[in-house]
Every structure is written in C-alpha cells, then in structure tokens.
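Have a look at the structure below, then the notes.
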Amino acid sequence: MMVPLLSALLVALVASCWASSPEGAIPTFNLEDVSQPPVADGNVRLADGPTELEGRVEISYNGSWFAVCDYIFGIEEADVVCRQLGFDAAIASRCCSQYGYTDLPGILNQVECTGSEDNLLSCPHTEAGYGNCRSYSHAGVVCRRELTPCPLPVGPTIDWDAAYQCINPYYQLFMNINNPRVPGEVSPFLTIANLMDAVGAVWDSDSLVQGMGYFCRLVAPRQPAPGPGVFRGVCDPVLTALSDGTDLDGEQICRFVYSFAMPRPYTGAPYTPDTSTPYTPSTETPRTPGGLSTDYPISFSSIAPFICIFPIEYLSFSESPPLGVDAFQNLDIVTLLTQAVENVLNITSYDEDTVCSAVGHLTSREYAPRDIAIDFMAELLADLYPVANEICTNWDDIVETILSESSSYFYSFDVGVMVDEIPALIALLTDYPDRETLCLSIRTATLLGEDAVYASARSLVESIVNVLTTQEKCVSLIDSTLTVITDTSDEITLDDLEQYSIPFYTGFDDVQEICQYLETSFGPRYPPLQVRLVGGETPNEGRVEVQYAGEWGTVCDDGFDNDDAKVVCRQLGYRGEAVSLGNQRPGTGEILLDDVGCLGVESNIGQCPNAGITVHNCDHNEDVSVTCSIEVTPQPSPPSQPWTTPSSTDNGFLLTRLVGGSTENEGRLEVFYQGHWGTVCDDFWNAHNTDVACRSLGFQGGESFSCCAEYGEGDGLIILDDVDCTGEEDSIASCGNAGPFNHDCTHIEDIGISCIPNGAGTSAVRLVGGNNEAEGRVEINYNGVWGTICDDDWDITDANVVCRMLGFQGTSGAPGSAQFGQGTGPIQLDNVGCSGDEETIFDCEHPGFGAHNCGHYEDAGVVCIASADVRLVGGSNEAEGTVEIQHNGVWGTICDDSWGIEDADVVCHMLGFQSASSAPGLARFGQGTGPIQLDEVSCSGDEQTIFDCAHHAFGVHDCTHYEDAGVVCVDTSAVRLVGGSNEAEGRVEIQYNGVWGTICDDDWDINDASVVCRMLGFQGASGAPGSAQFGQGTGPIQLDDVGCSGDEQTIFDCAYPAFGVHNCGHYEDAGVICIA
C-alpha cells in the first residue's frame, strides 16, 4: 500500500523530525521567586513544568516558599493541589524531583490527603516547618483543566488546534515514560487496533482520495506531531473533497508536503502536469530497470523504498554465496524495489516535479489502493522467483549446509526448528499445503517464462492477503509462529506470550481476537455511528446515545459490559478506564442497538457485533449508561505462576543484572523471574540489600544505593518490592519481600546500586615492592582499605588469577615469606584456594575477609609474565612476524610442527592483540637465529601464555630454522570510531579486505558494543546507539545481525551471518559509547 499512503508517509517523516527538533519543543514555564506581596499560608504554585498544567509543587508558609516532599505523596495529594490551582483534578503525581532541583527547602514530609480537602495544609502532615527530604525528593503533579475528552473527529471537519492542545500533554507524558500506559497503545489515543483499522480502510478504499481520507480521520487527529498546521494543510483539502464531492488537487498537496520536508519555502505556484502517460495498473511481465535519476530529495531517504530509492552497493560476496545459492550472488534488493516503484508510478526520477505529477495522476483517477499495492508487491515478488526457484531445487543441499554451518548463518536460531518448522510457516503464509507444493508452483512458473512468473507472483500475493484476513487461517499462522518462537528459546514460554505479551502489547485478549479484528478491518466497512453521553452529572458519564440517519437513539444494556463501554469512551476521546453502569437513566426515542459485543479495541461502536440497527427486544428501562475516566496507569499483567523460593543450587531461577550505569559495577538493578526481566522498587531498600545484590553479581559487596531511578526508568514489570535482607543471603530472592509483582510503585522508584569493583583489575588489586610492574607483594582493597594476603596455601594457581586481574598473561612465580617486603595494614585474606578459572581473587575460596593466623612476614607475592617474553620479528608491521620467545634470558624461535591458529591466538593475546588471523609456518617472515626453543606446541587457545601450552621440553626438537613458526595478529587498527564528539564514542567502522565499512544496528546491543570498546582499549561500553546516531557512513555495510556474548576478544569473533550479508541502509549504522 505504498502509493495510497504517500502523503501519510511524508507527514510521518516530518513528524519524527519535528518531535526531535528544538523548534518543535514546548517552551518551559519557569516561575522565578521574585519579590511580591506576601501570600497566605497554604497557597501553592507549579514550577519548571513544560506547560502550566504540570510542575514541581511549591507551597507558601510563614511568608516563604517551600518545595513539598514526595514521601507518600500520591494522586490524592495531587488532586488537592490541582483543585487549589483552579484545575479540575490531577492526571498524575510525580516524585523524585522530576521537574528539576531547587534550592528551596522541602517541608510536609508526610502529607496524607483523602483527596477531598480544599488546601494541602488541611491534610494530615508532619509539622509544616519540619522536613528532612533532600533536593532529589520533591513532589510534582500533572493537572487537567476540566473533565472533557480530547476532540476526536465526529463530522466532516476536524478542529486540529483543539485536538493538538488536548492530546499533546498526554503525548509528552507518554514520551517521558516511554512505556504503554494503556494495553496496545503505540501513542496516546492511538492503538494497534486503530492502526489495523486504518490500514484496512485504506486497503478497501475505492480511490486514493478515499484512502487518504481514512488516514486523515482515523490516524492524523490522534497524533500531535508534526503539529496542527501540517495536518490542516494535508487533510483539510482531502476531507473537503470527499464531503463536497469535488476533485482533489493531489499534486498541490504533494508540493505542500515537499515544502516542509525540504529546506525551501512553499510558493504555491501552479504546476501543469504531463498527462501523456496516465497510470494504469500493470498487467505485463516485470520490466527491466530503467535509468533512474539521483536528483531525488535526500530528505526522503528515511522512507525508502516507498518514495525514493537511494543508491547503495550491490550485495556481493567475496567467497561462495550464502547457503550455496548462486542467485544470491548479485541480488540487489534496492534495484528490485526501484524497478517496482518505477513500473507502478510510471516515473524515471524522484525529483519533486516527477513525484508530484505522478501523485496528481493517481489522485485524479479511480484507482483502488488495493490494486496498486498488489501490483507493486507482485512485481517485486516476481523478481525474487530466481532465488526461490534455486532454493527449491537445491533444498536438500541447503539443509545440509544449514546443519553443518549453522553458526555462520543462523547463529540465533535452533537449527532443527529452522529446517523443520520455518518451511511449514512459509507454506501456511502462502496458503499452500506444504513446501513441496509451493516449490512445484514456483518451478513450473519459472519454466513457463516471465508471463507465468508474474501471474504466479500476483496470485501468491493475493493468497497471503487472504490468509491474513481470514480468521481461521490467520489463527493457524500466528499460533504456529508462536510455537516456533518458543521452540527456539529456553526463556520464552507459550504461557508468557499468550497471558502477558499479546494482551499487553497488542491490546487484544488472544490470537483469536487479533485475527477476528484483522478480518473485520479488511472486510466491508462498518457504518460509523456518532455517539454521545446524556443526562450525567459530569461530561464523562451518562446514557449512551448513538446517531443513525440523522436521529439519536439509545442502546440496550443486554450483554453490554466494560469492553463495550471502553469503545464508547474511546470514541468520545477519553483515554482510560470505562465502566458500564447498566440502566440508570431511561431515555426516549428509538432504541437503535442491542446485544452489542465489542472486543474493547474498536474505534467506533458501529464496528462491534450487534443485533442490527433498530433490532432489539428492550424498553427504555434497559437503556445503558457508562462512565469514562481520563487516565489510567495499569501495570502489565504478570505471569500467573506462583512464587517459589529458589534452592541454593538453582542459580538460574532469579538472575540479576545492572542496567544503565557508566561502569559494569553500577546501574539499575533488574531481576529475571519466570521468563521476564523486571525492576526492583526502592521502598525500604538498605545497605544489606545492596551487599546481597552485589555479591550475587560477583562483586565484593555493596558500595552505595540510590533511589528514584537514578540510572533511568525500566520499561518492563516491577517484580520485587519491600526487599529486606539480613546481609547473609546468597541471592536477593532469598530476602524477605512483598512477593512477586506485588508492589505499590512506579518505575520512577526503580532502585539503583553501585558495587565495590573487583573484576576491573587495578582498582581492587596492586603489586608493591617489586623491581618492575609485573612483580611484587599482592595487596587488595576491601571496604576502601588496602591490605595483604597471607601465603598459607598460596600457589601458582592463585598467582595466575591475580596476574590476569592486572592485565598480564599469566604468572611465572608465586613467592611467599614477604619476598617483596612486609606490608602494613590488615591481612585481608588467608588460605586462598583458586581453581584458576576465577575472574578475580575475590571469587576464590577463602575463610572470609580478615580471618587469618598470620603475620606480615608471610605476605604473598607474584611474578607475572609480561609480553616482553615474546616478540615478533621480520614482519611488515608490529602485528605479524616470526615468533621468538625468551627462555633463561635467551631469545629463540618455535618450530612449526603442529603449529595452528590456536597457538597463534595465544601468542597474539600475550602481545596485547585481540586474536590471530593466521598461523604461517616455513619461516614465512624469514629464518631466525639462535636456539629453537619449542616444538610440537599444542594450545587449546584458552591459555594465558604460550608457555602454558603442551609442548616438548625446552630445546627438544627435530627442526631447522626454515620451519620457524609465525603469526599474523588482528590489530586494533581494524576498528575505528567516527563522528563522535570525543575519541570514546562514534559510528563503528571495521576494515575488511583493506576496505573500511560500517555495521548494521540489527540486534546491536551493549554486549556487541563492549567487545568493540575493549578492542580499542577502553574498559567497556555504556551505550550501543543505532539509527546512525553519529551520522551515516559510506562504503559497504560489512556486518549485520552481530551477536556477541560479551566475552569475545574481537568483534570478528562474534556470531554474524557473513561479511557483506545484510538488509540495511546506512541510516541503521551502529555506534558505541565507550567507558573512558
């Protein structure tokens, strides 16, 4: 449906730009504390809010202004404040100084209103002059002027200004919270169901003008951005033309859209279209690509391929094509899209004159959007038949390739699911009984030629549409898809998806409702009915009346429930809960509806099943009434499984992580329970809780904690509240708490913690008294105090762990008896027993901090292996050469017998490189001199030094120097950051085969970013922005769908499909923000 939504897509483009630009921001009201006459005690004002309706609460007392503390400050207190200010009531209360800090002291630390008081000081509270809250604990409110709905359209005209003024505060609140407050909403007053209804309406329209009208009535009034002026300029001419039965000048609307999408004024100059080649839906075979001009507006690149096609490199592969399918070799999706758009619009360039002329042709003729959209999709699909045919022909070979090389292609999927279930899903989508039958159809059409291919493709598109809009087939397809999803993940269950994800994120109760609504939306259009509430004490309640054929009538209460009430309230512009009140207010006139059965997601009561207009068995004593509310903040319905205390061995039952911190040892605390990550509320949080949480994360203990979402608000479930640990527990789940999902919090109360770092290296361990930085007495930092380790049970394994913490490759000695001098201060550890696999010395077994029977004459030390014990000779740069090692003070070479990439990896790691790209032998970099130190070296790749690998004894070999081993290491110069404001951030670019290119942001996350940052010498990453935040790159897109675990040495060690394989544009270039 590219063409009928042309103007809509352009409007959406400008909306996104407007929302992010300074010009589109709402000015801030800043109330200065200027000299003015004294005000009475208890007067309130709002400060520093984005509008006069919200801000920090400030109250006058004894001639001065004070902030109000946020402890137990809730919606009842906010209601009192808002009514004091002359507003109708409060939409929300706000804690934690969300409207900025102030120097005003805080009072009323515990104010507790019923909501009916006239003045905040009338509520029970602590002594007015006393308050112990800090500057980050001040209360705020969001008020509403009056209890009226937002004016969604009910007639042929729309009051864009009124809609904007009403909706925008909700929109700003929605953007700040960044989480649905009403199930299924994508923004305030716009739900998934609304969008499905709009798409279905456009799809079934008789003309493009009618389709644009549906967009203007069903979507545009529910969106505040880019503003009333833009929607007025686009939609008013459309709605006027439809209402008056006049022609629409689609070309002028197109030029208006260009005027705000492009940096130049709109002159309104008339344009005479070329009518020599009017659009006719294609009935021919696909045409070859024409010569497209590149003078199209660059501003449209974000909505390609629907409006313009930007030139990017042909997808090509330096090695064999993916899965051995030769048709992939020169597949260029962009060119195929270009060809389809060109053929459908009959254009050969994308400048303003050409595009707007085409739009003018289309809007002046009765072309159904459905036909144009199917034509476009059929031409595109026909061009993909060669790939599909080769896949069908070589299916068995492809399966073998998938099974043998699954890590290269489908690293994130279960291979068995890929082979067994995905083909069946495709068959269901296309309405074929199985893969074999679908393949037979494709092969037959290919053999018969281009006409047959196009006819087959068009039939296939129509089959897909039929599947999605036929309830039985749609349910089968979605249910099968959910099964595939759960079969590929151990953490996602079908119950999670059906009981939580689908209801909350779609607004529908189940898959059956989704498919029922799809079928309804894409079927015949319902007759829209205007609705009103009559006879209520307030505007938001009353008897439901609908208008039909110009007459108002009532609705019978048979079967009328809260789902039906929701639709009535939503149609009137209320956003919140709705309650059916039954038959409270008998009406007069005709009873127009009975047996109404809404799902609750419809946008008009006319969409809901009913007995038929004027068909009923009721009298006016059964007239239904409803009450609507303005706002609702429901919590997502959590899974229904009971809370179970985990056993001491069930470490995976409740996982923990830190999110949003600038280092790995701080952030918002999140826990994983029954398939969901969620946050922990800060109520009654203390130092003992922090200690337990930090230890469960592998740190020494807790350093500090912070309330009020200091590390950002979470966006999932709130899983724990009222946590109460003794400090001895192994897991936060073992502490006392209110029970899973049982809380009275919002995400502004998410707890954040900071742990004592121990895995970060030198911040927690140091060497003292040695002759160089690689040796010395071991000292560790615990609770801010440096101390030593006793040498009881101290050995090479313990020393290895310390050396790795300090960034060395391993250890050559573990001396005791204070060889590097006696320390001072406490002896922190004794009887340390490491296995050698620990990340830090604190992870090793020991009696406890401070528990020992030693004196400082027993202080333990280490001698670490520095990279000075290995070097590369004879290469063209520092990252390659013949390997030479130093033994007993003498440099010598290694024989290439059994030499492989694992051995080379270990050498490269010792030298500070990330890994090895090859392990050449036969003295590739020249023959060495001196002794051949090692032969038959056999590393696993995990060793810290080459000396840790299996090998013959030093000097034992059967080689000469023409067998000297070499390595080629991966240099950090193979990755760089571009476009950032400093050296620690930017767009990620990698060098492959001598060419620099970017990485696509698909699946890009903090684990991938951390690997890149460590390659560049940083500690880790604090952010992994996508969407070309640091600007769009040039050159090839080298990698896509990168999937790092976070432990890899280089980005090249992570899972990804293959170099050059992607489905991205440079507007998706990935970036990183490293911890400097």
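FYI, it's all coordinate maths here, none of it is from the lab. On a predicted model such as this, the values are computed, not experimentally measured, just so you know. Neighbour counts are summed over all protein chains in view; Cβ atoms, including those assigned to glycine, are modelled from backbone coordinates with ideal geometry.
What to note about this one:
- Sorted peptide list for 334-340, 466-472, 441-447, criterion being average Cβ within 10 angstrom, highest first: 334-340, 441-447, 466-472
- Value of Rg/Rh across segment 867-969 [Cα atoms, Kirkwood radius]: 0.91
- Principal axis box of segment 973-1074, alpha-carbon based, largest edge first, Å: 30, 27, 25
- Reducing segment 803-835 and segment 660-731 to their Cα centroids gives an inter-centroid distance of 32 Å.
- Per residue, the convex hull volume that the Cα atoms of segment 44-144 enclose (Å³): 81
- Global geometry of segment 192-254, whether rounded, prolate or oblate, following the gyration tensor of its Cα atoms and the 1.5 cut on a/c: oblate
- Using only alpha carbons, segment 528-628 has a radius of gyration to Kirkwood radius ratio (Rg to Rh) of 0.91.
- Sorting 747-756, 819-828 by their mean Cβ neighbour count within 10 Å, with the most densely packed peptide first, gives 747-756, 819-828.
- Of all DSSP bridge pairs formed entirely within segment 867-969, close to 90 percent run antiparallel.
- Each Cα pair under 8 Å and six or more residues apart adds its separation to the average, and for segment 44-144 the resulting relative contact order is 37 percent.
- If you wrap the tightest convex hull around every Cα atom of segment 655-755 and split its volume per residue, you get 81 Å³.
- Packing around the peptides 345-353, 1003-1011, taken as the average count of other Cβ atoms within 10 Å per residue, puts them in this order, highest first: 1003-1011, 345-353.
- Taken over segment 482-570, the percentage of Cα pairs per 10 Å bin, counting from 0 up to the bin with the maximum distance, is 13, 30, 27, 18, 9, 2.
- Where Rh is the Kirkwood radius over Cα pairs, Rg/Rh for segment 799-861: 0.95
- Once the chain from SER1045 to GLN584 is taken as fully extended at 0.36 nm per residue, the excess over their C-alpha distance is 159.8 nm.
- Reported value for segment 806-910: 144 Å³ per residue, from the convex hull of its C-alpha atoms.
- Sparsely packed GluC sites (Glu not before Pro) within segment 503-568, loop by DSSP, other Cβ within 10 Å at most 12: GLU537
- Full extension of the chain between ASP159 and GLU845 yields a length gain of 239.8 nm, computed as 0.36 nm times the residue separation minus the alpha carbon distance.
- Loop GluC sites (Glu not before Pro), segment 976-1076, which have at most 14 other Cβ atoms in a 10 Å radius of their Cβ (DSSP): GLU983
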